[in-house]
(Lines give C-alpha, C1' and ligand atoms only; values in the text may rest on other atoms or scores of the structure.)
Protein backbone atom coordinates (compact mmCIF):
# COMPACT_ATOMS: atom_id res chain seq x y z
CA UNK A 1 0.00 0.00 0.00
CA UNK A 2 1.32 3.42 -0.98
CA UNK A 3 2.13 5.53 2.04
CA UNK A 4 4.43 8.10 0.48
CA UNK A 5 3.71 10.92 -1.92
CA UNK A 6 5.25 10.59 -5.39
CA UNK A 7 7.81 13.30 -4.62
CA UNK A 8 8.70 11.82 -1.25
CA UNK A 9 9.09 8.36 -2.75
CA UNK A 10 11.48 9.46 -5.49
CA UNK A 11 13.52 11.72 -3.20
CA UNK A 12 14.02 9.00 -0.61
CA UNK A 13 14.75 6.45 -3.29
CA UNK A 14 17.49 8.60 -4.77
CA UNK A 15 19.09 8.90 -1.34
CA UNK A 16 18.83 5.11 -1.06
CA UNK A 17 16.53 5.44 1.94
CA UNK A 18 13.75 2.85 2.34
CA UNK A 19 10.63 3.54 0.31
CA UNK A 20 7.10 2.12 0.42
CA UNK A 21 7.29 0.80 -3.14
CA UNK A 22 9.37 1.11 -6.29
CA UNK A 23 9.00 4.61 -7.73
CA UNK A 24 7.70 4.98 -11.26
CA UNK A 25 9.79 7.62 -12.92
CA UNK A 26 12.40 8.32 -15.57
CA UNK A 27 15.35 10.52 -16.38
CA UNK A 28 14.12 10.88 -19.95
CA UNK A 29 10.96 12.26 -21.53
CA UNK A 30 7.67 10.83 -20.30
CA UNK A 31 5.22 12.96 -22.25
CA UNK A 32 2.40 11.12 -24.02
CA UNK A 33 -0.03 11.94 -26.79
CA UNK A 34 -2.87 11.27 -24.38
CA UNK A 35 -1.80 14.39 -22.47
CA UNK A 36 -1.01 16.44 -25.58
CA UNK A 37 -4.41 15.66 -27.10
CA UNK A 38 -6.24 16.40 -23.88
CA UNK A 39 -4.60 19.83 -23.84
CA UNK A 40 -5.85 20.42 -27.39
CA UNK A 41 -2.41 21.24 -28.76
CA UNK A 42 0.09 19.69 -31.18
CA UNK A 43 3.43 18.22 -30.15
CA UNK A 44 5.33 20.85 -32.16
CA UNK A 45 3.74 23.58 -30.03
CA UNK A 46 4.91 22.20 -26.71
CA UNK A 47 8.60 22.93 -26.88
CA UNK A 48 8.81 26.71 -26.50
CA UNK A 49 6.09 27.27 -23.91
CA UNK A 50 6.71 26.92 -20.18
CA UNK A 51 2.99 26.38 -19.65
CA UNK A 52 2.74 23.65 -22.27
CA UNK A 53 5.92 21.93 -21.09
CA UNK A 54 4.90 21.92 -17.44
CA UNK A 55 1.27 21.19 -18.29
CA UNK A 56 1.95 18.24 -20.59
CA UNK A 57 4.46 16.69 -18.18
CA UNK A 58 2.06 17.01 -15.28
CA UNK A 59 -0.93 15.72 -17.21
CA UNK A 60 1.02 12.69 -18.48
CA UNK A 61 1.92 11.77 -14.92
CA UNK A 62 -1.62 12.36 -13.69
CA UNK A 63 -3.11 10.18 -16.43
CA UNK A 64 -0.77 7.24 -15.86
CA UNK A 65 0.29 7.57 -12.23
CA UNK A 66 3.98 8.34 -12.71
CA UNK A 67 5.86 9.70 -9.71
CA UNK A 68 7.88 12.28 -11.61
CA UNK A 69 7.72 14.96 -14.26
CA UNK A 70 10.61 15.81 -16.54
CA UNK A 71 11.21 18.49 -19.17
CA UNK A 72 12.24 19.50 -21.82
CA UNK A 73 11.49 16.90 -24.47
CA UNK A 74 14.02 17.75 -27.15
CA UNK A 75 17.80 18.01 -27.32
CA UNK A 76 18.03 21.36 -29.08
CA UNK A 77 17.51 23.86 -26.27
CA UNK A 78 21.20 24.46 -25.56
CA UNK A 79 22.43 24.25 -29.19
CA UNK A 80 19.68 26.67 -30.17
CA UNK A 81 20.74 29.06 -27.41
CA UNK A 82 24.27 28.83 -28.84
CA UNK A 83 22.93 30.12 -32.13
CA UNK A 84 22.66 26.81 -33.99
CA UNK A 85 18.93 27.18 -34.62
CA UNK A 86 16.08 24.73 -34.15
CA UNK A 87 13.72 23.05 -36.60
CA UNK A 88 10.39 22.19 -34.96
CA UNK A 89 8.64 20.64 -37.99
CA UNK A 90 5.50 22.58 -37.21
CA UNK A 91 3.82 21.39 -40.42
CA UNK A 92 4.84 17.74 -40.21
CA UNK A 93 2.24 15.08 -39.62
CA UNK A 94 2.48 13.15 -36.36
CA UNK A 95 5.31 13.35 -33.89
CA UNK A 96 8.70 14.72 -34.90
CA UNK A 97 11.22 15.96 -32.36
CA UNK A 98 13.02 19.24 -33.04
CA UNK A 99 16.51 19.06 -34.56
CA UNK A 100 19.48 21.40 -34.89
CA UNK A 101 19.74 22.60 -38.50
CA UNK A 102 23.17 24.24 -38.56
CA UNK A 103 26.44 23.07 -37.10
CA UNK A 104 29.85 24.62 -36.76
CA UNK A 105 31.93 23.34 -39.64
CA UNK A 106 35.26 23.11 -37.83
CA UNK A 107 36.38 22.78 -34.22
CA UNK A 108 38.14 26.15 -34.51
CA UNK A 109 34.87 27.91 -35.25
CA UNK A 110 33.23 26.85 -32.00
CA UNK A 111 32.70 29.86 -29.80
CA UNK A 112 30.20 29.78 -26.96
CA UNK A 113 28.27 33.01 -26.52
CA UNK A 114 28.46 34.19 -22.91
CA UNK A 115 24.71 34.79 -22.63
CA UNK A 116 23.47 31.47 -24.04
CA UNK A 117 21.71 30.69 -20.75
CA UNK A 118 19.28 33.51 -21.48
CA UNK A 119 18.79 32.87 -25.19
CA UNK A 120 16.11 31.15 -27.25
CA UNK A 121 14.06 28.64 -25.19
CA UNK A 122 16.35 28.47 -22.18
CA UNK A 123 14.16 30.91 -20.16
CA UNK A 124 11.01 28.92 -21.06
CA UNK A 125 12.61 25.68 -19.83
CA UNK A 126 13.65 27.37 -16.59
CA UNK A 127 10.16 28.73 -16.14
CA UNK A 128 8.73 25.24 -16.69
CA UNK A 129 10.99 23.91 -13.92
CA UNK A 130 9.85 26.70 -11.60
CA UNK A 131 6.22 25.84 -12.25
CA UNK A 132 6.77 22.12 -11.72
CA UNK A 133 8.76 22.69 -8.53
CA UNK A 134 6.15 25.14 -7.22
CA UNK A 135 3.24 22.74 -7.69
CA UNK A 136 5.03 20.39 -5.29
CA UNK A 137 3.17 17.32 -6.50
CA UNK A 138 5.56 15.14 -8.47
CA UNK A 139 9.32 14.72 -8.20
CA UNK A 140 10.88 17.07 -10.75
CA UNK A 141 13.57 15.67 -12.99
CA UNK A 142 15.97 17.60 -15.16
CA UNK A 143 18.43 16.37 -17.75
CA UNK A 144 21.34 17.71 -19.72
CA UNK A 145 23.19 16.01 -22.55
CA UNK A 146 26.71 14.90 -21.77
CA UNK A 147 29.54 16.84 -23.40
CA UNK A 148 30.18 14.39 -26.24
CA UNK A 149 26.50 14.08 -27.15
CA UNK A 150 25.97 17.83 -26.85
CA UNK A 151 29.03 18.24 -29.04
CA UNK A 152 27.44 15.98 -31.64
CA UNK A 153 24.49 18.38 -31.79
CA UNK A 154 26.61 21.43 -32.63
CA UNK A 155 29.38 19.93 -34.77
CA UNK A 156 29.53 17.05 -37.24
CA UNK A 157 30.00 13.90 -35.22
CA UNK A 158 32.56 12.52 -37.64
CA UNK A 159 34.76 15.56 -36.97
CA UNK A 160 34.88 14.45 -33.35
CA UNK A 161 35.24 10.75 -34.09
CA UNK A 162 38.03 11.17 -36.60
CA UNK A 163 39.50 14.09 -34.71
CA UNK A 164 40.18 11.89 -31.71
CA UNK A 165 42.92 10.27 -33.79
CA UNK A 166 43.85 13.11 -36.13
CA UNK A 167 43.50 16.18 -33.91
CA UNK A 168 43.33 15.07 -30.26
CA UNK A 169 44.23 18.51 -28.88
CA UNK A 170 41.45 20.15 -30.86
CA UNK A 171 38.91 17.55 -29.76
CA UNK A 172 39.90 17.79 -26.09
CA UNK A 173 39.70 21.59 -26.29
CA UNK A 174 36.20 21.24 -27.70
CA UNK A 175 35.22 18.72 -25.01
CA UNK A 176 36.37 21.15 -22.33
CA UNK A 177 34.10 23.83 -23.76
CA UNK A 178 31.14 21.45 -23.85
CA UNK A 179 31.88 20.24 -20.33
CA UNK A 180 31.81 23.80 -18.99
CA UNK A 181 28.40 24.31 -20.61
CA UNK A 182 27.01 21.05 -19.21
CA UNK A 183 28.16 21.97 -15.71
CA UNK A 184 26.74 25.50 -15.94
CA UNK A 185 23.35 24.38 -17.19
CA UNK A 186 23.07 21.42 -14.81
CA UNK A 187 24.00 23.55 -11.81
CA UNK A 188 21.51 26.17 -12.92
CA UNK A 189 18.72 23.57 -13.05
CA UNK A 190 19.74 22.24 -9.64
CA UNK A 191 19.58 25.77 -8.25
CA UNK A 192 15.94 25.94 -9.38
CA UNK A 193 15.08 23.11 -6.99
CA UNK A 194 14.73 20.08 -9.25
CA UNK A 195 14.81 16.78 -7.38
CA UNK A 196 17.26 14.89 -9.58
CA UNK A 197 19.49 15.46 -12.53
CA UNK A 198 20.27 13.02 -15.33
CA UNK A 199 23.33 13.44 -17.54
CA UNK A 200 22.56 11.76 -20.85
CA UNK A 201 25.78 10.90 -22.63
CA UNK A 202 23.67 8.88 -24.97
CA UNK A 203 25.82 8.97 -28.09
CA UNK A 204 28.95 7.56 -26.49
CA UNK A 205 28.19 3.86 -26.24
CA UNK A 206 30.42 1.19 -27.67
CA UNK A 207 28.39 1.19 -30.87
CA UNK A 208 30.60 4.16 -31.65
CA UNK A 209 33.60 4.23 -29.32
CA UNK A 210 35.96 1.58 -28.02
CA UNK A 211 36.16 1.22 -24.22
CA UNK A 212 39.72 2.52 -24.44
CA UNK A 213 38.62 5.63 -26.26
CA UNK A 214 35.69 6.04 -23.85
CA UNK A 215 38.15 6.08 -20.96
CA UNK A 216 40.30 8.69 -22.67
CA UNK A 217 37.69 10.93 -24.21
CA UNK A 218 34.47 10.57 -22.22
CA UNK A 219 35.26 9.50 -18.69
CA UNK A 220 37.48 12.44 -17.57
CA UNK A 221 34.84 14.96 -18.56
CA UNK A 222 31.98 13.04 -16.96
CA UNK A 223 34.05 12.76 -13.78
CA UNK A 224 34.53 16.54 -13.84
CA UNK A 225 30.79 17.06 -14.32
CA UNK A 226 29.67 14.72 -11.56
CA UNK A 227 32.25 16.19 -9.16
CA UNK A 228 30.74 19.62 -9.77
CA UNK A 229 27.10 18.60 -9.21
CA UNK A 230 25.07 17.97 -6.10
CA UNK A 231 23.35 14.64 -5.58
CA UNK A 232 21.12 13.09 -6.72
CA UNK A 233 22.75 12.74 -10.12
CA UNK A 234 22.42 9.93 -12.62
CA UNK A 235 24.35 8.88 -15.70
CA UNK A 236 22.46 7.45 -18.67
CA UNK A 237 23.98 5.99 -21.81
CA UNK A 238 22.10 4.36 -24.71
CA UNK A 239 23.28 1.56 -26.94
CA UNK A 240 26.22 -0.71 -26.23
CA UNK A 241 27.30 -0.31 -22.62
CA UNK A 242 28.26 -3.77 -21.36
CA UNK A 243 31.95 -3.09 -21.99
CA UNK A 244 31.96 0.26 -20.15
CA UNK A 245 29.79 -0.39 -17.10
CA UNK A 246 32.73 -0.24 -14.68
CA UNK A 247 34.09 2.88 -16.37
CA UNK A 248 30.68 4.53 -16.08
CA UNK A 249 30.57 3.56 -12.42
CA UNK A 250 33.82 5.43 -11.83
CA UNK A 251 32.30 8.73 -12.96
CA UNK A 252 30.73 9.68 -9.64
CA UNK A 253 27.02 9.34 -10.35
CA UNK A 254 24.59 8.06 -7.70
CA UNK A 255 22.88 5.86 -10.23
CA UNK A 256 23.40 4.38 -13.67
CA UNK A 257 20.77 4.00 -16.36
CA UNK A 258 21.03 1.76 -19.40
CA UNK A 259 18.92 0.94 -22.41
CA UNK A 260 17.74 -2.45 -23.55
CA UNK A 261 21.08 -3.49 -25.04
CA UNK A 262 22.60 -3.76 -21.57
CA UNK A 263 22.84 -7.04 -19.68
CA UNK A 264 21.40 -5.71 -16.43
CA UNK A 265 22.11 -8.77 -14.30
CA UNK A 266 25.78 -8.63 -15.28
CA UNK A 267 25.87 -4.87 -14.74
CA UNK A 268 24.48 -5.31 -11.24
CA UNK A 269 27.25 -7.78 -10.48
CA UNK A 270 29.84 -5.32 -11.79
CA UNK A 271 28.64 -2.26 -9.85
CA UNK A 272 27.55 -4.01 -6.65
CA UNK A 273 24.59 -3.05 -4.49
CA UNK A 274 25.67 0.44 -3.44
CA UNK A 275 24.79 2.15 -6.71
CA UNK A 276 21.28 2.71 -8.05
CA UNK A 277 20.59 0.78 -11.23
CA UNK A 278 17.87 1.87 -13.63
CA UNK A 279 16.62 0.37 -16.86
CA UNK A 280 16.01 -0.93 -19.36
CA UNK A 281 12.98 -1.76 -21.46
CA UNK A 282 12.71 -0.77 -25.11
CA UNK A 283 10.23 2.12 -24.92
CA UNK A 284 9.05 1.94 -28.51
CA UNK A 285 8.74 -1.82 -28.70
CA UNK A 286 7.17 -2.20 -25.28
CA UNK A 287 4.81 0.76 -25.14
CA UNK A 288 3.92 1.32 -28.81
CA UNK A 289 4.22 -2.01 -30.56
CA UNK A 290 3.54 -5.06 -28.43
CA UNK A 291 0.23 -6.29 -27.07
CA UNK A 292 -0.58 -5.02 -23.59
CA UNK A 293 -0.64 -8.59 -22.27
CA UNK A 294 3.03 -8.95 -23.22
CA UNK A 295 4.22 -5.90 -21.29
CA UNK A 296 4.25 -7.44 -17.80
CA UNK A 297 6.97 -10.05 -18.58
CA UNK A 298 9.20 -7.31 -20.02
CA UNK A 299 8.85 -5.10 -16.96
CA UNK A 300 9.14 -8.03 -14.56
CA UNK A 301 12.25 -9.10 -16.45
CA UNK A 302 13.92 -5.77 -15.66
CA UNK A 303 12.98 -6.15 -12.00
CA UNK A 304 14.26 -9.70 -11.84
CA UNK A 305 17.54 -8.59 -13.41
CA UNK A 306 18.19 -6.37 -10.41
CA UNK A 307 17.09 -2.81 -11.20
CA UNK A 308 16.14 -0.47 -8.40
CA UNK A 309 13.67 1.28 -10.68
CA UNK A 310 12.30 0.26 -14.07
CA UNK A 311 13.19 2.97 -16.55
CA UNK A 312 12.57 3.09 -20.27
CA UNK A 313 15.82 2.89 -22.23
CA UNK A 314 15.22 6.30 -23.80
CA UNK A 315 12.47 8.91 -24.14
CA UNK A 316 9.04 7.38 -24.15
CA UNK A 317 7.81 7.72 -27.74
CA UNK A 318 4.72 9.89 -27.14
CA UNK A 319 2.35 7.82 -29.30
CA UNK A 320 2.08 5.10 -26.66
CA UNK A 321 -0.74 2.61 -26.39
CA UNK A 322 -2.57 3.66 -23.24
CA UNK A 323 -3.11 0.08 -22.09
CA UNK A 324 0.60 -0.71 -22.45
CA UNK A 325 1.65 2.17 -20.21
CA UNK A 326 -1.01 1.08 -17.75
CA UNK A 327 0.50 -2.42 -17.83
CA UNK A 328 3.97 -0.99 -17.11
CA UNK A 329 2.60 0.96 -14.16
CA UNK A 330 0.52 -1.96 -12.88
CA UNK A 331 3.49 -4.36 -13.03
CA UNK A 332 5.73 -2.04 -11.06
CA UNK A 333 3.00 -1.49 -8.48
CA UNK A 334 2.32 -5.24 -8.32
CA UNK A 335 5.89 -6.33 -7.66
CA UNK A 336 7.47 -3.10 -6.41
CA UNK A 337 6.85 -3.68 -2.72
CA UNK A 338 9.86 -5.98 -2.63
CA UNK A 339 13.19 -4.36 -1.72
CA UNK A 340 15.75 -4.01 -4.49
CA UNK A 341 19.52 -4.47 -4.29
CA UNK A 342 20.31 -0.84 -3.47
CA UNK A 343 17.07 0.35 -1.84
CA UNK A 344 15.15 -1.15 1.09
CA UNK A 345 11.45 -0.88 1.88
CA UNK A 346 9.82 1.16 4.60
CA UNK B 1 49.11 -4.20 -68.26
CA UNK B 2 51.20 -4.71 -65.17
CA UNK B 3 53.16 -7.76 -64.15
CA UNK B 4 51.40 -10.01 -61.64
CA UNK B 5 53.96 -9.27 -58.92
CA UNK B 6 53.51 -5.55 -59.32
CA UNK B 7 49.75 -5.92 -59.46
CA UNK B 8 49.81 -7.78 -56.15
CA UNK B 9 52.09 -5.14 -54.64
CA UNK B 10 49.73 -2.34 -55.65
CA UNK B 11 46.67 -4.23 -54.45
CA UNK B 12 48.32 -5.02 -51.11
CA UNK B 13 49.24 -1.40 -50.60
CA UNK B 14 45.76 -0.18 -51.48
CA UNK B 15 44.22 -2.75 -49.16
CA UNK B 16 46.62 -2.12 -46.28
CA UNK B 17 46.40 1.63 -46.84
CA UNK B 18 42.65 1.40 -46.26
CA UNK B 19 43.06 -0.85 -43.21
CA UNK B 20 45.71 1.38 -41.65
CA UNK B 21 43.83 4.53 -42.77
CA UNK B 22 46.89 5.82 -44.57
CA UNK B 23 45.43 8.23 -47.09
CA UNK B 24 48.84 9.18 -48.54
CA UNK B 25 49.68 5.53 -49.19
CA UNK B 26 46.35 4.91 -50.87
CA UNK B 27 46.77 8.05 -52.96
CA UNK B 28 50.28 7.04 -54.05
CA UNK B 29 49.34 3.52 -55.10
CA UNK B 30 46.10 4.61 -56.76
CA UNK B 31 48.15 6.92 -58.96
CA UNK B 32 50.61 4.09 -59.55
CA UNK B 33 47.74 1.83 -60.65
CA UNK B 34 46.55 4.44 -63.13
CA UNK B 35 50.02 5.38 -64.39
CA UNK B 36 51.06 1.77 -64.88
CA UNK B 37 47.93 0.85 -66.81
CA UNK B 38 46.35 -1.37 -64.22
CA UNK B 39 42.64 -2.13 -64.51
CA UNK B 40 40.89 0.44 -62.29
CA UNK B 41 38.05 -1.92 -61.46
CA UNK B 42 40.58 -4.50 -60.29
CA UNK B 43 42.28 -1.89 -58.11
CA UNK B 44 38.97 -0.81 -56.58
CA UNK B 45 37.52 -4.23 -55.91
CA UNK B 46 40.64 -6.22 -55.04
CA UNK B 47 42.54 -3.38 -53.41
CA UNK B 48 40.26 -0.83 -51.76
CA UNK B 49 37.19 -3.03 -51.21
CA UNK B 50 39.34 -5.97 -50.09
CA UNK B 51 40.84 -3.64 -47.47
CA UNK B 52 37.38 -2.69 -46.29
CA UNK B 53 36.58 -6.39 -45.86
CA UNK B 54 39.49 -6.66 -43.44
CA UNK B 55 38.16 -3.56 -41.67
CA UNK B 56 34.84 -5.37 -41.28
CA UNK B 57 36.62 -8.32 -39.65
CA UNK B 58 38.44 -5.98 -37.27
CA UNK B 59 35.11 -4.41 -36.36
CA UNK B 60 33.68 -7.89 -35.72
CA UNK B 61 36.58 -8.62 -33.39
CA UNK B 62 36.02 -5.28 -31.62
CA UNK B 63 39.50 -4.14 -32.56
CA UNK B 64 38.08 -1.33 -34.67
CA UNK B 65 35.17 0.93 -33.78
CA UNK B 66 33.37 3.63 -35.72
CA UNK B 67 36.18 6.26 -35.55
CA UNK B 68 38.58 3.82 -37.21
CA UNK B 69 35.97 2.83 -39.80
CA UNK B 70 35.42 6.48 -40.69
CA UNK B 71 39.14 7.00 -41.21
CA UNK B 72 39.37 3.85 -43.31
CA UNK B 73 36.48 5.19 -45.36
CA UNK B 74 38.38 8.44 -45.93
CA UNK B 75 41.35 6.47 -47.20
CA UNK B 76 39.08 4.40 -49.42
CA UNK B 77 37.51 7.51 -50.94
CA UNK B 78 40.96 8.96 -51.55
CA UNK B 79 41.65 6.01 -53.84
CA UNK B 80 38.16 5.86 -55.31
CA UNK B 81 38.34 9.49 -56.44
CA UNK B 82 41.54 8.72 -58.36
CA UNK B 83 40.53 5.35 -59.78
CA UNK B 84 36.87 5.83 -60.68
CA UNK B 85 37.44 8.16 -63.67
CA UNK B 86 39.59 5.41 -65.19
CA UNK B 87 37.02 2.64 -65.08
CA UNK B 88 36.67 0.97 -68.48
CA UNK B 89 33.44 1.49 -70.31
CA UNK B 90 32.64 -2.17 -69.88
CA UNK B 91 32.99 -1.84 -66.09
CA UNK B 92 30.85 1.28 -66.07
CA UNK B 93 28.25 -0.55 -68.13
CA UNK B 94 28.29 -3.24 -65.48
CA UNK B 95 27.21 -0.65 -62.92
CA UNK B 96 24.74 -2.34 -60.69
CA UNK B 97 22.08 0.30 -60.93
CA UNK B 98 20.88 3.35 -59.09
CA UNK B 99 20.15 4.03 -55.46
CA UNK B 100 18.41 6.90 -53.71
CA UNK B 101 19.76 7.42 -50.21
CA UNK B 102 19.18 9.81 -47.31
CA UNK B 103 18.27 10.21 -43.64
CA UNK B 104 14.61 10.82 -42.97
CA UNK B 105 13.07 14.07 -41.86
CA UNK B 106 13.76 14.79 -38.24
CA UNK B 107 17.17 13.14 -38.24
CA UNK B 108 20.34 15.10 -38.81
CA UNK B 109 22.81 12.29 -38.12
CA UNK B 110 24.27 10.71 -41.22
CA UNK B 111 27.32 8.64 -40.36
CA UNK B 112 25.58 5.34 -41.08
CA UNK B 113 24.10 6.73 -44.27
CA UNK B 114 27.49 7.89 -45.50
CA UNK B 115 29.06 4.50 -44.84
CA UNK B 116 26.32 2.73 -46.78
CA UNK B 117 26.72 5.29 -49.54
CA UNK B 118 30.39 4.34 -49.67
CA UNK B 119 29.43 0.73 -50.25
CA UNK B 120 27.22 1.67 -53.17
CA UNK B 121 29.97 3.92 -54.57
CA UNK B 122 32.50 1.12 -54.40
CA UNK B 123 30.13 -1.39 -55.90
CA UNK B 124 29.57 0.87 -58.89
CA UNK B 125 26.04 2.08 -58.24
CA UNK B 126 24.94 5.53 -59.29
CA UNK B 127 24.11 7.16 -55.97
CA UNK B 128 21.55 9.93 -55.56
CA UNK B 129 22.33 11.26 -52.10
CA UNK B 130 19.49 13.41 -50.76
CA UNK B 131 21.48 14.24 -47.61
CA UNK B 132 19.87 14.38 -44.21
CA UNK B 133 16.64 15.65 -42.67
CA UNK B 134 14.96 14.81 -45.97
CA UNK B 135 11.20 15.46 -46.30
CA UNK B 136 9.48 12.10 -46.68
CA UNK B 137 7.93 12.80 -50.07
CA UNK B 138 11.36 13.64 -51.54
CA UNK B 139 12.39 9.99 -51.41
CA UNK B 140 9.42 8.92 -53.50
CA UNK B 141 9.85 11.84 -55.90
CA UNK B 142 13.55 11.12 -56.42
CA UNK B 143 12.89 7.42 -56.93
CA UNK B 144 10.33 8.21 -59.60
CA UNK B 145 12.61 10.78 -61.25
CA UNK B 146 15.61 8.47 -61.40
CA UNK B 147 13.83 5.10 -61.64
CA UNK B 148 16.29 3.85 -58.99
CA UNK B 149 16.06 0.18 -58.09
CA UNK B 150 16.96 0.76 -54.45
CA UNK B 151 15.94 3.32 -51.86
CA UNK B 152 18.03 3.35 -48.68
CA UNK B 153 16.66 5.17 -45.64
CA UNK B 154 18.49 5.90 -42.43
CA UNK B 155 17.26 7.04 -39.02
CA UNK B 156 19.48 7.18 -35.95
CA UNK B 157 16.72 7.81 -33.45
CA UNK B 158 13.50 6.04 -32.54
CA UNK B 159 11.87 9.42 -32.77
CA UNK B 160 12.48 9.64 -36.51
CA UNK B 161 12.08 6.01 -37.39
CA UNK B 162 8.33 6.30 -37.86
CA UNK B 163 8.88 8.45 -40.95
CA UNK B 164 10.35 5.42 -42.67
CA UNK B 165 7.03 3.62 -42.62
CA UNK B 166 5.37 6.45 -44.52
CA UNK B 167 8.16 6.60 -47.11
CA UNK B 168 7.97 2.86 -47.74
CA UNK B 169 4.21 3.05 -48.21
CA UNK B 170 4.57 5.98 -50.62
CA UNK B 171 7.20 4.24 -52.74
CA UNK B 172 5.71 0.75 -52.73
CA UNK B 173 2.33 2.16 -53.74
CA UNK B 174 3.83 3.70 -56.87
CA UNK B 175 6.44 1.06 -57.61
CA UNK B 176 6.23 -2.21 -55.66
CA UNK B 177 9.44 -3.56 -57.21
CA UNK B 178 11.74 -1.02 -55.59
CA UNK B 179 13.99 -2.63 -52.95
CA UNK B 180 13.98 -0.67 -49.71
CA UNK B 181 16.81 -0.81 -47.19
CA UNK B 182 16.47 0.62 -43.71
CA UNK B 183 19.34 1.53 -41.42
CA UNK B 184 19.95 3.09 -38.04
CA UNK B 185 20.26 2.28 -34.37
CA UNK B 186 16.53 1.86 -33.60
CA UNK B 187 15.80 -0.29 -36.64
CA UNK B 188 15.35 -3.96 -35.85
CA UNK B 189 14.46 -6.90 -38.04
CA UNK B 190 10.92 -6.76 -36.67
CA UNK B 191 10.58 -3.06 -37.41
CA UNK B 192 11.89 -3.54 -40.95
CA UNK B 193 9.39 -6.34 -41.50
CA UNK B 194 6.54 -4.38 -39.95
CA UNK B 195 7.29 -1.39 -42.17
CA UNK B 196 7.49 -3.55 -45.29
CA UNK B 197 11.21 -3.02 -45.97
CA UNK B 198 13.42 -5.48 -47.83
CA UNK B 199 16.57 -5.21 -45.72
CA UNK B 200 18.00 -3.49 -42.68
CA UNK B 201 21.18 -2.65 -40.75
CA UNK B 202 20.98 -1.53 -37.16
CA UNK B 203 24.10 0.59 -36.68
CA UNK B 204 26.84 2.33 -38.60
CA UNK B 205 29.19 -0.57 -37.95
CA UNK B 206 26.51 -3.07 -38.81
CA UNK B 207 25.80 -1.09 -41.95
CA UNK B 208 29.43 -1.51 -42.95
CA UNK B 209 29.25 -5.23 -42.29
CA UNK B 210 26.14 -5.49 -44.43
CA UNK B 211 27.79 -3.37 -47.07
CA UNK B 212 30.93 -5.46 -47.03
CA UNK B 213 28.91 -8.64 -47.39
CA UNK B 214 27.35 -7.17 -50.51
CA UNK B 215 30.72 -6.10 -51.88
CA UNK B 216 32.16 -9.54 -51.11
CA UNK B 217 29.36 -11.13 -53.06
CA UNK B 218 30.04 -8.77 -55.92
CA UNK B 219 33.75 -9.55 -55.84
CA UNK B 220 33.00 -13.26 -55.98
CA UNK B 221 30.65 -12.76 -58.91
CA UNK B 222 33.17 -10.62 -60.78
CA UNK B 223 36.00 -13.02 -59.95
CA UNK B 224 39.22 -12.04 -58.33
CA UNK B 225 41.47 -12.45 -61.33
CA UNK B 226 40.60 -9.30 -63.23
CA UNK B 227 43.73 -8.03 -64.92
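A few notes on this one:
- Among the residues of region A:180-191, not a single one is without any contact (Cβ under 8 Å) to a residue 40 or more places away in the chain and under 18 Å from the mean Cα position of the chain (by Cα).
- Within region A:13-37, residues that are on the phi > 0 side of the Ramachandran plot have Cβ atoms under 7 Å from residues that are assigned to a loop (DSSP other than H, G, I, E, B) in these pairs: A:16/A:342, counting only partners at least 6 apart in sequence or on another chain.
- Within region B:85-108, the set of residues being in a helix (DSSP H, G or I), closer than 22 Å to residue B:128 by Cβ and modelled with pLDDT of 90 or more comprises just one member, B:85.
- Verdict on residue A:225 being under 25 Å from residue A:158 (Cα atoms), at pLDDT 95 or above, away from every other protein chain (no Cβ under 14 Å) and surrounded by 24 or more Cβ atoms within 10 Å (Cβ to Cβ): yes
- Residue selected from region B:148-167 under the condition touching a helix residue (DSSP H, G or I) at 6+ places or on another chain (Cβ under 7 Å) and surrounded by fewer than 24 Cβ atoms within 10 Å (Cβ to Cβ), by the criterion farthest from the other protein chains (Cβ to nearest Cβ): B:165
- Condition check for residue A:183: farther than 25 Å from residue A:88 by Cα, crowded, with 17+ Cβ neighbours inside 10 Å and within 13 Å of chain B (Cβ to nearest Cβ): no
- Applying the criterion of being within 19 Å of residue A:235 (Cα to Cα) and in contact with a strand residue (DSSP E or B) (Cβ under 6 Å, 6 or more places away or on another chain) to the residues of region A:282-302, the residue that is modelled with the highest pLDDT is A:302.
- Against the conditions (1) within 14 Å of another protein chain (Cβ to nearest Cβ); (2) closer than 29 Å to residue B:49 by Cβ; (3) assigned to a helix (DSSP H, G or I), residue B:121 satisfies every one except (1).
- Top-ranked residue in region A:263-303 [being in a loop (DSSP other than H, G, I, E, B) and within 23 Å of residue B:156 (Cα to Cα); ranked as farthest from the other protein chains (Cβ to nearest Cβ)]: A:263
- Residue that is farthest from the chain's Cα centre (by Cα) [pool: residues in region A:1-17 that are modelled with pLDDT of 95 or more, in a loop (DSSP other than H, G, I, E, B) and farther than 17 Å from residue A:275 by Cβ]: A:4
- Condition met for residue B:36 (over 19 Å from the mean Cα position of the chain (by Cα) and either buried (at least 24 other Cβ atoms within 10 Å of the Cβ) or more than 26 Å from residue A:213 (Cα to Cα) (or both)): yes
Condition check ((1) out of contact with any strand residue (DSSP E or B) (no Cβ under 8 Å at 6 or more places or on another chain); (2) surrounded by 17 or more Cβ atoms within 10 Å (Cβ to Cβ); (3) under 16 Å from residue A:47 (Cβ atoms)) across all residues:
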position: A:108; (1), (2), (3): yes, no, no
position: A:111; (1), (2), (3): yes, no, no
position: A:116; (1), (2), (3): yes, yes, no
position: A:125; (1), (2), (3): yes, yes, yes
position: A:130; (1), (2), (3): yes, no, no
position: A:138; (1), (2), (3): no, yes, no
position: A:143; (1), (2), (3): no, yes, yes
position: A:152; (1), (2), (3): yes, yes, no
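- Set side by side, the residues A:239, A:306 differ, and just one is farther than 21 Å from residue A:186 by Cβ, out of contact with any strand residue (DSSP E or B) (no Cβ under 8 Å at 6 or more places or on another chain) and either more than 13 Å from chain B (Cβ to nearest Cβ) or at pLDDT below 95 (or both), which is A:239.
- Number of the exception - residue B:182 against (1) farther than 30 Å from residue B:40 by Cα; (2) in contact with a helix residue (DSSP H, G or I) (Cβ under 7 Å, 6 or more places away or on another chain); (3) in a helix (DSSP H, G or I): (3)
- Within region A:76-100, considering residues that are on the phi > 0 side of the Ramachandran plot and part of a loop (DSSP other than H, G, I, E, B), the one farthest from the other protein chains (Cβ to nearest Cβ): A:85
The values are calculated or read from the model by the stated rules, or taken from the named source; none is laboratory data. Everything numeric here is computed off the predicted structure, so don't read it as measured data. Here Cβ is always computed from backbone atoms with ideal geometry, including for glycine, and neighbour counts include all displayed protein chains.
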